[in-house]
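Taken together, the values in this text are just the output of simple stated rules run on the coordinates, not laboratory data. Bear in mind that the values here come from a model prediction, so they are computed numbers and not experimental data. Quick reminder, even Gly has a Cβ in these numbers, built from the backbone with ideal geometry, and neighbours come from all protein chains shown.
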Amino acid sequence: RKEVEQDPGPFNVPEGATVAFNCTYSNSASQSFFWYRQDCRKEPKLLMSVYSSGNEDGRFTAQLNRASQYISLLIRDSKLSDSATYLCVVNRNTGTASKLTFGTGTRLQVTL
Amino acid sequence: GAVVSQHPSWVICKSGTSVKIECRSLDFQATTMFWYRQFPKQSLMLMATSNEGSKATYEQGVEKDKFLINHASLTLSTLTVTSAHPEDSSFYICSAKKGLAGSVMFYNEQFFGPGTRLTVL
């Protein structure tokens, strides 16, 4: 089983739609959680951190459920520029290092 | 800011040659840098963690003699793919972490370089 699992998509949605991505992680020792965005053939860029209390950044809302080992990202009022692959990422401290594990990503295509 | 550069951005080489990729933190000192590899439609996979002045720590399944890492200064880490073969063709991305070496208590954001696309013929 992969350490971080995501639905690969693609999710094809019209502009203005609300779309939700889900992610599960298998290692209960994971300590911090993130959503990254990766455009085609580019490096990943941090979108937002994810907290148990839930956090919002403009049109983006992230939620963490530690008991279920589940992370979500909600995008409201989708824009064409939101088209990208969204990577669920977990961080685990191994005692000597801090290690990020990436999901395979969920591809979003926003259309007119 | 926190800018990380990589050079070259892409490289095409013949099978059997060695390729060196540089990763630089331009406006901060990075005691720890990470090297990732991403095959098409797959996730980024951590290859190794590079700490300035010490040997790199390699992930399971990554050959240290094939992927040589040198982190000689606080702003530069290099990855050399030795005797490259077509199966080494991939997108290699480095990241650099602000913060203190060994500071594992709290996550320090990793800043990613733009990646190097390696094609081995």
#### Entry: q = 0.13 Å⁻¹: log10 I(q)/I(0) that the Debye formula gives for region A:9-92, counting C-alpha atoms only
-0.40
### Low-density loop positions, trypsin sites (Lys or Arg not before Pro), region B:25-94 - DSSP coil, at most 11 other Cβ in 10 Å
B:LYS41
### Summary
If unit charges are put on Cβ atoms (+1 for Lys and Arg, -1 for Asp and Glu) and the dipole of region B:3-121 is taken about its Cα centre, the option from B:PHE111, B:VAL4, B:SER83 lying farthest towards the positive end turns out to be B:SER83
### Query
What pairs in B:LYS20/B:LYS98; B:LYS14/B:LYS98; A:LYS2/B:LYS14; A:LYS2/A:LYS79 have C-alpha atoms more than 27 Å from each other?
B:LYS14/B:LYS98; A:LYS2/B:LYS14; A:LYS2/A:LYS79
### Low-density loop positions, chymotrypsin sites (Phe, Trp or Tyr not before Pro), region A:52-101 - DSSP coil, at most 13 other Cβ in 10 Å
none
### Task
Find the Rg to Rh ratio for chain B, where Rh is the Kirkwood radius over alpha-carbon pairs and Rg uses the same atoms.
0.96
### Task
Quote the relative contact order of region B:35-92 in percent (integer), defining contacts as alpha-carbon pairs under 8 Å separated by 6+ residues.
32
### Cysteines in chain B lacking a second Cys C-beta under 4.7 Å
B:CYS13
### Query
Within straight cross-link reach of B:LYS41, meaning Cα distance under 16 Å, which aspartates and glutamates are found once same-chain residues fewer than 8 apart are removed?
A:GLU5, A:ASP7, A:ASP39, A:GLU43, B:GLU87, B:ASP88
### Task
State the antiparallel share, in %, of DSSP beta bridges confined to the protein assembly as shown, rounding to the nearest 5.
90
### Summary
Per the Kirkwood formula over distinct C-alpha pairs, the hydrodynamic radius of region A:56-112 in angstrom is 13.3
### Query
With contacts defined as alpha carbon pairs under 8 Å and 6 or more residues apart, what's the relative contact order of chain A in percent?
37
### Hits among aspartates and glutamates - C-alpha to C-alpha of A:LYS99 under 13 Å, sequence gap 8 or more where chains match
A:GLU3, B:GLU59, B:GLU109
### Task
Would you work out the charge dipole size for chain B about its Cα centre, treating the Cβ of every Lys and Arg as +1 and the Cβ of every Asp and Glu as -1, and quote it to the nearest 20 debye?
120
### Summary
Semi-axes of the protein assembly as shown from the Cα gyration tensor (sqrt of 5 times each eigenvalue, largest first, whole Å) come to 30, 21, 16
